[in-house]
Structures are given as C-alpha cells and as structure tokens.
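Q: Below you'll find the structure I mean.
The values are calculated or read from the model by the stated rules, or taken from the named source; none is laboratory data. Just so you know, these numbers come straight off a predicted model, no measurement behind them. Every residue, glycine among them, receives a Cβ derived from its backbone with ideal geometry; neighbour counts consider all protein chains shown.
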Amino acid sequence: MKKTILFLAVIALAATACGPDKDTKELMEKAKTTFGTIPTKMPGAENDTEALIALGKSLYFEKALSINNTQSCNSCHILDSGKKGGVDNLPTSPGAEGKNGGRNSPTTLNAGFHFAQFWDGRAKDLVEQAGGPILNPIEMGMPSEEAAIKKIADIASYKDMFAKAFPEEKGAITYANITKAIGAFERTLVTHDRFDDFQNGNTDALTKEEKEGLKLFMDTGCTSCHSGNMLGANSYRKMGQVKPYTDTKDTGRHAVTKDEADKFLFKVPSLRNIAITDPYFHDGAAKTLEESIKVMADIQLGKTLTDEETAKIAAFLKALTDKERM
C-alpha cells in the first residue's frame, strides 16, 4: 500500500514538473498568436522627457483649461479616484456648462496604442486628440486657442514648467505644446494585467473559468473584431453587422467622412480594462459587462449566448484589468 502511494506521488510530481497540460499550452499559443502582450512603451514615448511628462500631467488635471475652471481632462477620464479606469463611468459626460456630450467617454489607459482616437477616429494620435475637448463648446468650452494659452500663461508656475519641457523654444507656452505635453503624459498610462502574465508563460495567472472564457471568446468569433494586443482598437466596424443596433441617430465615422459606406462605423474599442470602464458602447447604453457581451454576440455575430457562456467570457475579460486597479 505504501509503495502504491509513493508511486502515485512520484507520478503526480512528474506531471507537475512537465508543466501545463496540452490544452492549456495550445490555448496559450493561440492567444499569443491572436492577441499578444501590451508593449512596455507607447509609440513616441522614447522621446518624452521627465519635464515634458510632468508638465503634461499637470495640464491633464488643470481646470483652467476650461471656460469656467470646472473641467479638466481628468473630469471625464478619471485617474486619481480609487481604481477608476480612465473614465467617469457615466453613459455620457457633462461638460463645463452642464450639458452632456453625445458619446461615452473612452478610456485614456493604453490609448496611445490605438490606431486612431475618438469613437469616429477623427484624431490620428494622442496629441491631436488632446486639443479637441478643450475647444469643444460642450466639453471644456474654451472659445479659442489663444484664450487657452492666456489662461495657462497667467499661472506663474507654468512659465518655468514649459521652459523646462521645451528648452529650445522661446515663448514655449503655445497651444501645440499644451497638446504635446498632455500626449506625453498619456503615453505613460500603460497597464499590466494577468492575461499578459498568462501569455508570457504563467499558466496559473488565469483561473479555470477565465481560461474557459478565453476559449469561448475565441471560438465564438469575438476575435473577428477584438484582436491584437489591445483586443481591438485597430479597426472600424459597423455597429450592428448582422442585426441593426437600436440607436441609428449617431452615424459614427460617417459624420467625419460623409461617405455612405462609413455609416454606423465606429472604432472597435479596446477590451483592456473593459471591466472597469462601464457603461458600454458609444452611447453608454449597455450598463453591465454581461449585457454588452450578449448584445455584441447577437447583433455582431448573430449568436445567442447562454448565461453560463456569458459569465465565463466576462470572467476572462475581467482578467484584462490592470493589476493596480483590480
């Protein structure tokens, strides 16, 4: 009897030493091929100095960039409150005068890895994006670039900060430099999650349910839109590819291009940190992660998911949350 127990123990140890089982290895390799991990730095970050980043951080939280000193970038893309995911968790966000914008505020976390900015892709990068909300009459409401420059120039501390961030320039407080600095700070917002730990070889980084959810996510066809290291954010897709979406007022990319072929096309959102960036969709109509999963499966893929399947996919998506924000 003792010999039998000893033999079984040896077999168990040997199995452990051999590493993950075949199915787990295959799942890991398929994930690495389909997705890949988040790079350590965003494009352009190699040229960012500490002074530029510090200036950008200050400007990100600067309410003087709004018409009535009530709004900053952080008002809609919250980074300093608990475990917020670079959003305000509202369907749409109130601006400086209290009026709500027309679309859900996307996260600033990892945003510099996206192929374009805004739901309709009207800004090519973080720097171009940073200049939009400041002058938007509903959002921060500044009447002009010159008005924004004057308000910042009137704050004594910024003279030195701009001089350090742009040492080669005289009169460094310009609108272009304001947006460059904010973009530099946002390029530091790189997150780290358990899914990448799994892809990097730690098979215990995901639970059994999360692994099952990952497999379901891929097998169901979610990767037709949500692929690459951001699990999306690399293409435009029609909202309602198989069945029409309920909201047909917002024409998405079409509002920018005026091309009929772009009607109802929106940038596919990244699923990194998706569990903490509710509510969902461009109009914030889906309140929960589970609701958004079911709606997407239905109108994008023509599939009906069970509650159990939905729960497993949701469990996997929660593993995409930054470990510092879980």
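Q: Tell me yes or no: at least one residue of segment 72-81 is at pLDDT below 95, in the same structural domain as residue 155 (by TED's automatic domain parsing) and exposed (fewer than 15 other Cβ atoms within 10 Å of the Cβ).
A: So far as segment 72-81 goes, yes, one or more of its residues are at pLDDT below 95, in the same structural domain as residue 155 (by TED's automatic domain parsing) and exposed (fewer than 15 other Cβ atoms within 10 Å of the Cβ).
Q: Here are 233, 255, 315, 261: which of them is crowded, with 17+ Cβ neighbours inside 10 Å and part of a helix (DSSP H, G or I)?
A: Exactly one of 233, 255, 315, 261 is crowded, with 17+ Cβ neighbours inside 10 Å and part of a helix (DSSP H, G or I), namely 315.
Q: Pick out the one residue from 278, 283 that is among the charged types (D, E, K, R), in a loop (DSSP other than H, G, I, E, B), within 27 Å of residue 196 (Cβ to Cβ) and under 20 Å from the mean Cα position of the chain (by Cα).
A: When all the criteria are applied, what remains is 278.
Q: List pairs: first in segment 256-277 and free of Cβ contacts under 8 Å to residues at least 24 places away in the same chain and over 19 Å from residue 213 (Cβ atoms), second aromatic (Phe, Trp, Tyr) and surrounded by 23 or more Cβ atoms within 10 Å (Cβ to Cβ), Cβ under 8 Å, 6+ apart or cross-chain?
A: none
Q: In addition: Which is surrounded by fewer than 18 Cβ atoms within 10 Å (Cβ to Cβ), assigned to a loop (DSSP other than H, G, I, E, B) and not hydroxyl-bearing (Ser, Thr, Tyr), of 102, 121, 132, 85?
A: 102
Q: Do you know which of the residues in segment 165-183 that are over 30 Å from the mean Cα position of the chain (by Cα) and among the charged types (D, E, K, R) is surrounded by the most Cβ atoms within 10 Å (Cβ to Cβ)?
A: Going through the qualifying residues, I end up with 169.
Q: For segment 135-148, give me each residue that is among the polar types (S, T, N, Q) and either buried (at least 17 other Cβ atoms within 10 Å of the Cβ) or without any contact (Cβ under 8 Å) to a residue 12 or more places away in the chain (or both).
A: If the condition is that a residue be among the polar types (S, T, N, Q) and either buried (at least 17 other Cβ atoms within 10 Å of the Cβ) or without any contact (Cβ under 8 Å) to a residue 12 or more places away in the chain (or both), then 144 is the only one that fits.
Q: While we're on this one: Residue under question is residue 243, and the condition is that it be of a type outside the set (S, T, N, Q) and assigned to a loop (DSSP other than H, G, I, E, B); does it hold?
A: Criteria met by residue 243.
Q: Now, a different point. What helices (runs of 4 or more DSSP H), lying completely within segment 148-205, carry at least 1 residues that are of a type in the set (Phe, Trp, Tyr) and under 22 Å from residue 48 (Cα atoms)?
A: In segment 148-205, the matching helices (runs of 4 or more DSSP H) lie at 156-165, 175-186.
Q: Looking at this structure, is residue 109 touching a residue at least 40 places away in the same chain (Cβ under 8 Å) and either in contact with a Ser or Thr (Cβ under 8 Å, 6 or more places away or on another chain) or surrounded by 22 or more Cβ atoms within 10 Å (Cβ to Cβ) (or both)?
A: Yes; evaluated as a whole, the condition is true for this residue.
Q: Quick check on my filter: what residues within segment 1-43 are at pLDDT below 70 and assigned to a loop (DSSP other than H, G, I, E, B)?
A: 1, 18, 19
Q: Within segment 180-193, identify whether any single residue is touching a Gly at 6+ places or on another chain (Cβ under 9 Å) and farther than 30 Å from residue 275 by Cβ, and answer yes or no.
A: Scanning segment 180-193, I find at least one residue that is touching a Gly at 6+ places or on another chain (Cβ under 9 Å) and farther than 30 Å from residue 275 by Cβ, so the answer is yes.
Q: Going through segment 276-326 one residue at a time, which ones are at pLDDT 95 or above, aliphatic (A, V, I, L, M) and touching a Lys or Arg at 6+ places or on another chain (Cβ under 8 Å)?
A: 276, 289, 297, 299, 305, 319, 320
Q: Separate question: Quickly run through segment 44-82 and pick out the residues that are farther than 18 Å from residue 173 by Cα, assigned to a helix (DSSP H, G or I) and touching a helix residue (DSSP H, G or I) at 6+ places or on another chain (Cβ under 7 Å).
A: Correct list: 73, 74.
Q: Can you find, within segment 38-51, the residue that is surrounded by the fewest Cβ atoms within 10 Å (Cβ to Cβ) among those that are aliphatic (A, V, I, L, M) and more than 10 Å from residue 187 (Cβ to Cβ)?
A: 51
Quick grid of which residues meet (1) of a type outside the set (Ser, Thr, Tyr); (2) touching a Phe, Trp or Tyr at 6+ places or on another chain (Cβ under 8 Å):
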position	(1), (2)
57	yes, yes
72	no, yes
79	yes, yes
86	yes, no
91	yes, no
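Q: Follow-up. Out of the residues in segment 264-277 that are touching a Ser or Thr at 6+ places or on another chain (Cβ under 7 Å) and more than 11 Å from residue 317 (Cβ to Cβ), state the one that is surrounded by the fewest Cβ atoms within 10 Å (Cβ to Cβ).
A: My answer is 264.
Q: Out of (1) closer than 21 Å to residue 43 by Cβ; (2) touching a residue at least 24 places away in the same chain (Cβ under 8 Å), what's the single condition that is false for residue 201?
A: (1)
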